[in-house]
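Readers should treat all values here as calculations from the given coordinates under stated rules, not as data from a laboratory. None of the values given here were measured: they were computed from a predicted structure. Glycine also receives a Cβ, built like all others from the backbone with ideal geometry; neighbour counts cover every protein chain displayed.
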Amino acid sequence: MDQVARMCNDAPTTRGGRRRTGRTAPPPAAARAVPPRNPPRVLAVARGRLRALAVPLLALLSVMLIATPARAHDVLVASDPMDGAVLGAMPASVTLTFDQAVRRDFARLAVTGPDGAHYEQGEITVDGRNVSIGVRTGTPAGAYAIGYRIVSNDGHPVTGAVKFTVTGGGAAPGAVTAPTTTPAPGTANPVTANPGAPTTGGGTAGVGTAGVGTAGVGTAGVGTAGQGGGSWVWGLLAVTAALLALCARVLVRHDRRLRDGTIPAPPAAGTPRAASPGGPEPSDTPASDTPASETEAAGAPAAESGAEGPAAGRSTAAGTGAGSSPASGGAA
Amino acid sequence: MTTTSEPRVSADRSGSGTEHARARVPAAGLTAGALLAVVIATWLTLPGTVPGLPMPGTIVEYGLPVVRLVLDLAATATIGLSLLPKLLGFDDPDRTEPLAARARHWAVLFSLVWCAAALVSAVLSAAEVTPGAFPDVAAYVDGIGAGQGMIVSASCALASAAVGMLAVRFGEKVPAELRVLVAGFGLLPLPVTGHASNWYWHDLSMVSMELHVIGACAWVGGLVALAVLLPRHRDLLARTLPRFSRLATYALVVVGLSGLFNGLVELLLTPGESFPASLVTTGYGRLVVAKAVFTGVIALLGGNIRWRLLPAVTRQAPTAFAAWAALELTVMGLAYGVAVALTKTPVA
């Protein structure tokens with residue numbers, strides 16, 4: 001800020017010489033010692049070379065700075081039961097194996113039966129590359145599907161389904177509790193099953209409703225946990241959105257005033273008062289405050305930019321509509 | 001709040017309405033091409049429904065790629081507009097200053113859009129991984145690198161907007177290098193949100209992705225800045241286009257090689273897919289092929305501008321530069337749309 005103020009104090013005489021004055025002013029960076037009046041071609045080439053060097057350096061730096069490496073998508077490589085398998089009896093649990101370690105959080109599995117009911121039971125257990133979940137007893141014969149959604153290390157969800165067919169009766173009752181005895185470390189389970197779920201349920205209809213019920217509980221749990229831990233995030237997001245809107249408004253207003261000639265254009269603005277940190281806020285800059293010549297000089301580019309410039313209405317549209325506006329603004 | 005001379009301004013504006021419309025064609029082409037490509041590519045690579053699990057809604061499935069596209073385009077525009085003063089040169093401020101002032105103005109607006117898009121993208125990404133539940137942005141950002149990358153990118157965009165605001169106020173005294181640097185830092189986290197391969201040379205592929213993103217932004221952003229702001233200033237175009245042409249040549253080589261490298265590495269290292277066949281059998285492979293084709297077309301169009309139009313442009317003769325640039329930008333937009341889908345599509 002000090003440097004900017006100092007540069008502004010240089011009081012350039014003409015707009016034409018302003019840029020050069022800025023260049024010869026006490027340089028903020030040591031590399032600014034380049035003589036300013038050289039042919040621009042030489043300068044451009046030198047700077048181009050500097051930039052060409054800077055780009056890979058920056059990239060390297062970023063790789064070191066951003067320590068969380070992006071990994072590839074996880075890919076399902078095996079499953080038990082396998083896709084398309086025909087089993088005599090329903091196994092006590094199903095396991096999916098991916099090519100990389102699976103994130104514990106956000107992982108979900110569902111075993112859907114021929115009647116559309118859920119047959120998974122217990123908690124999801126994650127052991128390295130394996131994700132497994134228990135299956136209820138008393139499953140009817142027919143076609144089953146294991147639906148999965150895990151979140152890869154790169155943050156992308158990976159979804160899919162493994163289908164298999166069961167020809168016989170249910171699994172051994174004792175084996176059902178096996179998966180729940182190994183609770184995985186980490187956050188709350190998204191698919192927390194009711195511990196008191198009836199494992200001896202005989203009728204498929206009853207089992208089906210129980211399965212649906214536990215699924216509902218699971219999502220509700222996620223919802224409340226999310227809101228409890230993240231309400232301040234929403235507040236922060238709202239504040240940021242308001243800040244962005246305010247910035248856009250200030251900018252558009254500044255642009256409009258510039259065009260109207262109410263305030264001088266940037267090249268002519270050399271007053272030290274303007275060096276306050278509130279640079280973007282052009283709130284009170286009466287034209288009488290600036291010398292007449294400067295105002296006149298400002299008038300020319302202002303009128304010119306008004307003639308060629310984008311319509312103010314378009315600026316407003318692009319500024320206020322936060323997320324989707326550039327698309328519509330550009331296409332309009 | 002003193003908008004006294006509004007009628008005068010609107011009169012000026014209506015007088016050159018067709019000029020405005022013409023100046024917008026390149027930007028509109030870029031945006032329309034990108035939107036078209038991203039919607040089609042997303043629709044083609046939409047994951048099927050998963051039995052027994054809730055799926056993200058249509059708003060998330062299409063909204064996330066579109067917002068990501070908005071982010072990419074806004075970042076590109078920011079970079080390009082920040083680069084423009086460097087391309088224009090500083091030896092003739094009387095001629096260049098009006099254009100540079102508009103570039104500064106639009107650079108700040110696009111930085112703000114970029115920041116907003118990054119935040120919306122983080123929210124939608126959180127909603128995508130927990131469908132059927134309220135998006136837990138805090139947990140997503142805390143646990144997943146892509147969320148952190150979005151937040152870092154949004155912060156850099158905000159910083160870029162702040163520097164840009166200073167530039168709007170103080171003109172080119174705020175060095176263009178600084179603006180490009182700050183905006184460039186905002187690009188760096190973006191590849192983290194895509195997928196890099198998990199292999200021994202992981203870092204190399206990350207660097208390659210960074211180069212890809214930076215090169216593409218400088219190239220497309222520079223061209224869109226030139227095509228929108230410069231076509232009616234033949235003298236400035238005559239000086240600027242050769243500089244940009246050199247930059248574009250480097251960018252073409254860097255972007256093409258790094259993109260090819262990353263796409264092929266991703267295809268080669270995915271288990272369960274045999275390589276040459278996976279170019280056409282997998283959605284990812286098809287998108288890679290599409291992008292390579294687009295890059296080839298862009299190279300041809302760029303070559304056309306460079307060898308057939310550039311001599312006339314440097315003579316300040318009337319050329320169809322704006323039209324050719326708009327066409328090239330439309331193809332670039334298609335490539336951008338495919339790129340967004342590519343970052344989200346699993347190989348297998």
Partner lysines for A:Lys163 [C-alpha distance under 30 Å; skip if fewer than 8 residues away on the same chain]: B:Lys344
Vicinal HN-Hα couplings computed from phi for segment B:81-98 (Karplus, 6.51 cos²θ - 1.76 cosθ + 1.60; Hz; Gly/Pro x): 6, 6, 6, 3, x, 5, 6, 5, x, 10, 8, 9, x, 4, 7, 7, 4, x
Residues with amide H under 5 Å from that of A:Ala85, placed H, sequence gap 5 or more: A:Thr165
Burial ranking of peptide ranges B:172-181, B:112-121, A:131-140 (average Cβ count within 10 Å, highest at the top): B:112-121, A:131-140, B:172-181
In order through segment B:273-288: 3J(HN,Hα) via Karplus (6.51 cos²θ - 1.76 cosθ + 1.60), integer Hz, x for Gly, Pro: 10, 7, 4, x, 6, 5, 5, 10, 7, 9, x, 4, x, 5, 5, 4
Hz values of 3J(HN,Hα) by residue in segment B:59-72 - Karplus curve (6.51, -1.76, 1.60), Gly and Pro given as x: 4, 6, 5, 9, x, 4, x, 5, 5, 5, 5, 4, 4, 4
Residues whose placed amide H lies under 5 Å from that of A:Gly160, excluding near-sequence neighbours: A:Tyr148
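Work through the residues other than B:Leu64 whose Cβ is under 9 Å from its Cβ and net out their charges, Lys, Arg +1 and Asp, Glu -1.
Working: positive: B:Arg68, B:Lys344; negative: B:Glu61, B:Glu128.
Every neighbour counted, the sum reads 0.
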Dipole in debye (nearest 20) - segment B:26-163, about Cα centre, beta carbon charges: Lys, Arg +1; Asp, Glu -1: 140 debye
Helix B:176-187 axis, angle to chain B major axis (alpha carbon atoms, nearest 10°): 20 degrees
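Starting from the Cα-Cα distance between A:Asn130 and A:Ala78, subtract it from 0.36 nm times their residue separation and give me the gain in nm to one decimal.
Between A:Asn130 and A:Ala78, full extension yields an extra 17.8 nm.
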Eligible lysines near B:Lys86 by straight Cα distance, threshold 19 Å, same-chain separation 8 or greater: B:Lys173
Under 5 Å, built H, 5+ apart or other chain: amide partners of A:Asn153: A:Asp74
